[in-house]
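Here is the structure we will look at.
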Amino acid sequence: MGGDGKLLDRAGLKSAYTTMFKEQLASMGLTEAQYDAYIKEYTGYSSLSQYTDVVVNEAFSDRPHAYSFSKDGKSLLMQEPLPQPKGTDELAGNTYKSSYNTSTEYVFGSNSTYTIKSTYSGTTATEQETGSYSYDSTRKRVYFKVEKSSGQTAAEYYDTVYTSTDASRFIDNDAYKAAQTNRRFSSSDSRYDPTAKTISD
């Protein structure tokens, strides 16, 4: 979907991403060669062009989802599965810190599970998120699948979503609550540094 809310075909999406990345390049004051080096360092892909192709191909690929229903039976809740792990698990049994917020830590278990904890001023660490993870040790990427957020499952979280003025963009409040829940429990990925023990979230 483009910035104007219109659906895009493959060529249109590639054009939109290319424009966006070039604007980022200009705002960062980098040459295309420097940006290619930046992309290689942080994504593992050889160039911006290759990375753009990967992003577009992923957007148009068939991706199975697990699904469940809200407790009231009105909404479909969906979640992508994790990719298969690649390489060596450099995360299991270790605690990593967020590279942007040192009060946030990622605790990785030996059974492909993780817990994200945050410590606020004058408080003890509190559990923010738990789930399972996968990894690509060549690209130094870790993939997260949320199972609980602040101790709540997706169905429980759905029941706590309050409608706001943003809900007016949806067909009804139930669709808004489902969208917020699916967004909160969507899979994500980050870059990790096994030497510094940091996650670039």
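The values are calculated or read from the model by the stated rules, or taken from the named source; none is laboratory data. All values reported here derive from a predicted model rather than from experimental measurement. Cβ sites come from the backbone with ideal geometry, for glycine too, and all protein chains shown count toward neighbours.
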Might you let me know whether segment 134-144 holds any residue that is in contact with a Pro (Cβ under 9 Å, 6 or more places away or on another chain), over 28 Å from Pro64 (Cα atoms) and polar (S, T, N, Q)?
no
Can you confirm whether segment 41-57 contains a residue that is closer than 18 Å to Tyr192 by Cβ, of a type in the set (Asp, Glu) and surrounded by 15 or more Cβ atoms within 10 Å (Cβ to Cβ)?
no
Looking at this structure, is Glu147 among the acidic types (Asp, Glu), within 30 Å of Lys177 (Cβ to Cβ) and crowded, with 18+ Cβ neighbours inside 10 Å?
no
For Ser186, are the conditions met, namely being assigned to a loop (DSSP other than H, G, I, E, B) and within 14 Å of the chain's Cα centre (by Cα)?
yes
Any residue in segment 62-91 that's at positive phi: show its pairings with residues that are in a loop (DSSP other than H, G, I, E, B) at Cβ separation under 7 Å, as long as the two are six or more apart or on different chains.
Gly87/Ser137; Gly87/Thr138
Any idea which of Ala167, Ala179 is assigned to a helix (DSSP H, G or I), surrounded by fewer than 17 Cβ atoms within 10 Å (Cβ to Cβ) and either in the same structural domain as Lys86 (by TED's automatic domain parsing) or among the basic types (Lys, Arg) (or both)?
Ala179
What about Ser188, is it touching a strand residue (DSSP E or B) at 6+ places or on another chain (Cβ under 6 Å), surrounded by fewer than 17 Cβ atoms within 10 Å (Cβ to Cβ) and either closer than 25 Å to Ala66 by Cα or aromatic (Phe, Trp, Tyr) (or both)?
yes
Which condition number in (1) assigned to a loop (DSSP other than H, G, I, E, B); (2) within 15 Å of the chain's Cα centre (by Cα) is the one that Thr138 fails?
(2)
Is it the case that Ser15 is surrounded by 13 or more Cβ atoms within 10 Å (Cβ to Cβ) and more than 22 Å from the chain's Cα centre (by Cα)?
yes
Evaluate segment 89-107: report whether one residue or more is within 23 Å of Thr43 (Cα to Cα), modelled with pLDDT under 90 and either aromatic (Phe, Trp, Tyr) or in contact with a Leu (Cβ under 9 Å, 6 or more places away or on another chain) (or both).
yes
Which residue is nearest to Thr43 (Cα to Cα), if the candidates are limited to segment 111-137 and must be at pLDDT 90 or above and among the polar types (S, T, N, Q)?
Ser137
Being modelled with pLDDT of 90 or more, more than 17 Å from the chain's Cα centre (by Cα) and within 20 Å of Tyr100 (Cβ to Cβ): is that true of Ala178 here?
no
